[in-house]
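Asks: This structure is in structure tokens; I'll ask about it shortly.
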Amino acid sequence: MLTTEQLEAWERDGFLVIEDFVSAARCDELKARAEELIRGFDPSEIQSIFSTHEQTRTSDEYFLSSGDKVRFFVEEEDTRTVNKIGHALHDLDPVFDAFSRNPDLAAVASDIGLRDPRILQSMYIVKAPHVGGEVTSHTDHTFLWTEPASVVGMWFAIEDATLENGCMWALPGGHRLPVRKRFRREGDGTVFDTFDPAPYPSEGEVPLPARKGTLVLLHGLLPHRSDANRSDRPRDAYTIHVIDGTAHYPADNWLQRSPDLPARGF
């Protein structure tokens, strides 16, 4: 699936941008399904805020028990606006399942070295006009810890992601830096184990604008972030996180799944 040049870029940078991976029609289908799900959500019933700053995430029961469910999280600035839907869309919704599981993605996972790829979680991200919050620099391994590190983010641009509406930024080669934190369960809540309190460096970051239908691969140790959306245009995206089933998945990871719904492959 991937060329020699693409694999070299992946190894060098820790990310890879693949344009036109998904058709515009498939993107529209996913967006329509997400909008349908959101119309059925009453934000007055649940107020689980997805913190735009990962280091201060609220660890409520609604969030902590969402690993094998479809749940809704709202914006900090406007709690009437959904920020994301997660975290088992790929298993529990047929439209998202069909989008997430296909031979091309399986081939990509194999090309980048995942021996037993399994989709652990999925998120439909609604970075709404004017209120779509920023996400500060972080690594996915911090939140989806395996031993050894194996998580890979597969991020799809459901609409054009631009500098104006909050595209991602990444630090080329940053996946070779030591991980600085680990997010895990402790008691009824969560804690961060801090190995290095310094923030990830911002010097050298590059923007990753992505046209609709683009797939962006993100190494689990790669620092990346996105700005707030202050524009008039939405920036919807869909992300799945894939781990290697041959790696150890600790019992104190925040995301836990029922034995009746184990992580499956493509």
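Asks: Give region 218-256 a look and list any residue that's among the charged types (D, E, K, R) and in contact with a helix residue (DSSP H, G or I) (Cβ under 8 Å, 6 or more places away or on another chain), or say none. Let's see the steps before the verdict.
Replies: The initial filter retains those residues of region 218-256 that are among the charged types (D, E, K, R), namely 225, 227, 230, 232-233, 235-236, 244, 252.
Of everything in region 218-256, just one residue is among the charged types (D, E, K, R) and in contact with a helix residue (DSSP H, G or I) (Cβ under 8 Å, 6 or more places away or on another chain), namely Asp236.
Rundown of residues vs (1) in contact with a strand residue (DSSP E or B) (Cβ under 7 Å, 6 or more places away or on another chain); (2) surrounded by fewer than 17 Cβ atoms within 10 Å (Cβ to Cβ); (3) of a type outside the set (Gly, Ala, Ser), yes/no style:
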{"position": "Gly187", "(1), (2), (3)": "no, yes, no"}
{"position": "Leu217", "(1), (2), (3)": "yes, no, yes"}
{"position": "Pro223", "(1), (2), (3)": "yes, no, yes"}
{"position": "Val242", "(1), (2), (3)": "yes, no, yes"}
{"position": "His248", "(1), (2), (3)": "yes, yes, yes"}
{"position": "Trp254", "(1), (2), (3)": "yes, no, yes"}
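Asks: Out of the residues in region 148-172 that are within 19 Å of the chain's Cα centre (by Cα) and not hydrophobic (A, V, I, L, M, F, W, C), which is surrounded by the fewest Cβ atoms within 10 Å (Cβ to Cβ)?
Replies: Pro172
Asks: Among the residues that make up region 141-158, is at least one of them within 25 Å of His90 (Cα to Cα), part of a strand (DSSP E or B) and in contact with a helix residue (DSSP H, G or I) (Cβ under 6 Å, 6 or more places away or on another chain)? Write out each step before concluding.
Replies: Going through region 141-158, the residues within 25 Å of His90 (Cα to Cα) turn out to be 141-158.
Cutting the leftovers down to part of a strand (DSSP E or B) gives us 147, 152-157.
Checking which are in contact with a helix residue (DSSP H, G or I) (Cβ under 6 Å, 6 or more places away or on another chain) leaves us with 153.
Yes, there is a match, as at least one residue in region 141-158 is within 25 Å of His90 (Cα to Cα), part of a strand (DSSP E or B) and in contact with a helix residue (DSSP H, G or I) (Cβ under 6 Å, 6 or more places away or on another chain).
Asks: Among the residues in region 41-52, are any modelled with pLDDT of 95 or more, under 26 Å from Glu77 (Cβ atoms) and among the small types (Gly, Ala, Ser)?
Replies: Step one: of region 41-52, the residues modelled with pLDDT of 95 or more are none.
No: region 41-52 contains no residue that is modelled with pLDDT of 95 or more, under 26 Å from Glu77 (Cβ atoms) and among the small types (Gly, Ala, Ser).
Asks: Sort out which residues of region 69-104 are basic (Lys, Arg), within 14 Å of Ala34 (Cα to Cα) and touching a residue at least 40 places away in the same chain (Cβ under 8 Å), and write them in order of number. Even if it seems obvious, please write down each step before you answer.
Replies: Residues of region 69-104 basic (Lys, Arg): 69, 71, 80, 84, 101.
Cutting the leftovers down to within 14 Å of Ala34 (Cα to Cα) gives us 71, 84.
Correct list: Lys84 only.
Asks: With the requirement that a residue be out of contact with any Cys (no Cβ under 7 Å at 6 or more places or on another chain) and either among the basic types (Lys, Arg) or part of a strand (DSSP E or B) (or both), what does region 159-181 give you? Outline the logic, then answer.
Replies: First, pick out the residues of region 159-181 that are out of contact with any Cys (no Cβ under 7 Å at 6 or more places or on another chain): 159-160, 162-181.
Listed by number, the residues that qualify are Met168, Trp169, Ala170, Arg176, Arg180, Lys181.
Asks: Also: Name the single residue, out of those in region 3-27 being surrounded by fewer than 14 Cβ atoms within 10 Å (Cβ to Cβ) and touching a residue at least 40 places away in the same chain (Cβ under 8 Å), that is nearest to Ile158 (Cα to Cα).
Replies: For region 3-27, the residue satisfying everything is Ala24.
Asks: Residues of region 85-108 being farther than 14 Å from Ala263 by Cα and in a helix (DSSP H, G or I), which ones?
Replies: As a first pass, look at region 85-108 and keep what is farther than 14 Å from Ala263 by Cα: 85-86, 93-96, 98-99, 102-108.
Within region 85-108, Pro94, Val95, Phe96, Ala98, Phe99, Pro103, Asp104, Leu105, Ala106, Ala107, Val108 qualify.
Asks: Quick test of your reading of the structure: Arg233 fulfils all but one of (1) assigned to a loop (DSSP other than H, G, I, E, B); (2) surrounded by 18 or more Cβ atoms within 10 Å (Cβ to Cβ); (3) not aromatic (Phe, Trp, Tyr). Name the failing condition by number.
Replies: That leaves (2) as the condition not met.
Asks: Can you find even one residue in region 113-120 that is over 14 Å from the mean Cα position of the chain (by Cα), at pLDDT 90 or above, surrounded by fewer than 18 Cβ atoms within 10 Å (Cβ to Cβ) and of a type in the set (Lys, Arg)? Show your work before the answer.
Replies: Taking region 113-120 as the starting set, the residues that turn out to be over 14 Å from the mean Cα position of the chain (by Cα) are 113-118.
Now narrow it down to the ones that are at pLDDT 90 or above: 113-118.
Pick out the ones that are also surrounded by fewer than 18 Cβ atoms within 10 Å (Cβ to Cβ) and you get 113, 115-116.
When the remaining residues are screened for being of a type in the set (Lys, Arg), the result is 115.
Yes, region 113-120 contains a residue that is over 14 Å from the mean Cα position of the chain (by Cα), at pLDDT 90 or above, surrounded by fewer than 18 Cβ atoms within 10 Å (Cβ to Cβ) and of a type in the set (Lys, Arg).
Asks: What is the one condition in (1) modelled with pLDDT of 95 or more; (2) touching a Phe, Trp or Tyr at 6+ places or on another chain (Cβ under 9 Å); (3) not aliphatic (A, V, I, L, M) that Arg176 does not satisfy?
Replies: (2)
Asks: Give the number of residues within region 193-230 that are under 19 Å from the mean Cα position of the chain (by Cα) and assigned to a strand (DSSP E or B).
Replies: Number of matching residues: 13.
Asks: Restricting to region 109-138, name every residue that is touching a strand residue (DSSP E or B) at 6+ places or on another chain (Cβ under 8 Å), under 20 Å from Tyr249 (Cα atoms), assigned to a loop (DSSP other than H, G, I, E, B) and not hydrophobic (A, V, I, L, M, F, W, C).
Replies: Once the filter is applied, which keeps residues that are touching a strand residue (DSSP E or B) at 6+ places or on another chain (Cβ under 8 Å), under 20 Å from Tyr249 (Cα atoms), assigned to a loop (DSSP other than H, G, I, E, B) and not hydrophobic (A, V, I, L, M, F, W, C), region 109-138 yields Arg115, Asp116.
The values are calculated or read from the model by the stated rules, or taken from the named source; none is laboratory data. All values reported here derive from a predicted model rather than from experimental measurement. We place every Cβ from the backbone using ideal geometry, glycine too, and count neighbours over all the protein chains shown.
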